[in-house]
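Input: a single structure, listed below in structure tokens.
The values are calculated or read from the model by the stated rules, or taken from the named source; none is laboratory data. Since the model is a prediction, treat every value here as computed from it, not as a measurement. Positions of Cβ are generated from backbone atoms using ideal geometry, with glycine treated the same way; all protein chains shown enter the neighbour counts. Side chains included, ligands, DNA and RNA excluded: accessible areas come from the protein's heavy atoms. Shrake-Rupley method; radii C 1.70, N 1.55, O 1.52, S 1.80 Å.
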Amino acid sequence: MADELEKSVPTEDSLMEKIAEKIHDHDSSSSSSESEHEKPESPSALKAKIYRLFGREKPVHKVLGGGLPADVFLWRDKKLSAAVLGVATAIWVLFELVEYHFLSLVCHILIFALAALFLLSNAHAFMNKTPPKIPEIHIKEEHFLLIASALRNELNQAFVILRSIALGRDLKKFLMVVVGLWIISVVGNWFNFLTLVYICFVVLHTVPMLYEKHEDKVDPVAERTLKELKKHYMVFDEKVLSKIPVASLKAKLG
């Protein structure tokens, strides 16, 4: 009996040691997993402090509105993006280089489409077959109302900004608008309207895609450039803008 008691005691001790080892292993694994979960927080906190161009917080895809237009501009669907750019290039070549007129193109397309449908319908009737189903097209009033409402909001906002500039309440906006209009006028002398629209279209198809690929390299350069521009603007404000008697004009207008 004594031998049996002596054997049972060590086995109980070994069981307790195994349980204690398992608890210790579980604690160490849980602490290591918690430390692993805590580690990724620091890079995200650092990433939030990284400067992004124009102060954006969303990805480039979301900034462009998301959906199909953003996919086309960022070349997510390469075939569709290439097709859209190819159609735009063909239109530009057709109207700019070949000097084809828009009204003539529309009339020729309508003539070809109506002639093809007319001949196809008569051919089916001659062969005693059912005529082709031509879908009925109805433009909904809601779409026009949405477009008109969006244009109205944008125009009202533009009129508010122009009115505040005309009243002399914001010298910075006044200078920005004048410089922007001057740049547009200079560019307008270089190209006609169609070429300018095509250039903007090509820029939209190339610059966002390249920026998305190299944003980590572009953003630091843009940050340094913006700091230098702010320094030059502060010097210009101190030497020129601060000497313009805007405050007296505001008091008279107010």
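Quick grid of which residues meet (1) under 30 Å from Asp237 (Cα atoms); (2) open to solvent by 100 Å² or more (accessible area, probe 1.4 Å); (3) of a type outside the set (Asp, Glu):
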position: His101; (1), (2), (3): no, yes, yes
position: Asn122; (1), (2), (3): no, no, yes
position: Ile139; (1), (2), (3): no, yes, yes
position: Gly168; (1), (2), (3): yes, no, yes
position: Phe174; (1), (2), (3): yes, no, yes
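Out of region 201-225, which residues are in a helix (DSSP H, G or I) and without any contact (Cβ under 8 Å) to a residue 40 or more places away in the chain? So that I can check it myself, show each step before the final result.
At the first step, the residues of region 201-225 found to be in a helix (DSSP H, G or I) are 201-213, 215-225.
Scanning region 201-225 gives Val203, Thr206, Val207, Leu210, Lys213, Asp216, Lys217, Val221, Arg224, Thr225.
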**Q.** Which listed residue, of Leu204, Leu145, is at pLDDT 85 or above and either open to solvent by less than 80 Å² (accessible area, probe 1.4 Å) or closer than 25 Å to Leu74 by Cα (or both)
**A.** Leu204
Q: Select from region 148-166 the residues that are open to solvent by less than 100 Å² (accessible area, probe 1.4 Å), out of contact with any Phe, Trp or Tyr (no Cβ under 6 Å at 6 or more places or on another chain) and closer than 30 Å to Glu238 by Cβ and list them in ascending order.
A: Val160, Ile161, Leu162, Ser164, Ala166
Q | Sole exception among (1) outside any helix (DSSP H, G or I); (2) at pLDDT below 75; (3) out of contact with any helix residue (DSSP H, G or I) (no Cβ under 9 Å at 6 or more places or on another chain) for Ile50, by number | A | (3)
Q: Could you list all residues from region 103-120 that are within 30 Å of Thr195 (Cβ to Cβ) and surrounded by 10 or more Cβ atoms within 10 Å (Cβ to Cβ)?
A: Leu105, Val106, Cys107, His108, Ile109, Leu110, Ile111, Phe112, Ala113
Q) So is Ile134 aliphatic (A, V, I, L, M) and surrounded by 10 or more Cβ atoms within 10 Å (Cβ to Cβ) or not? A) no
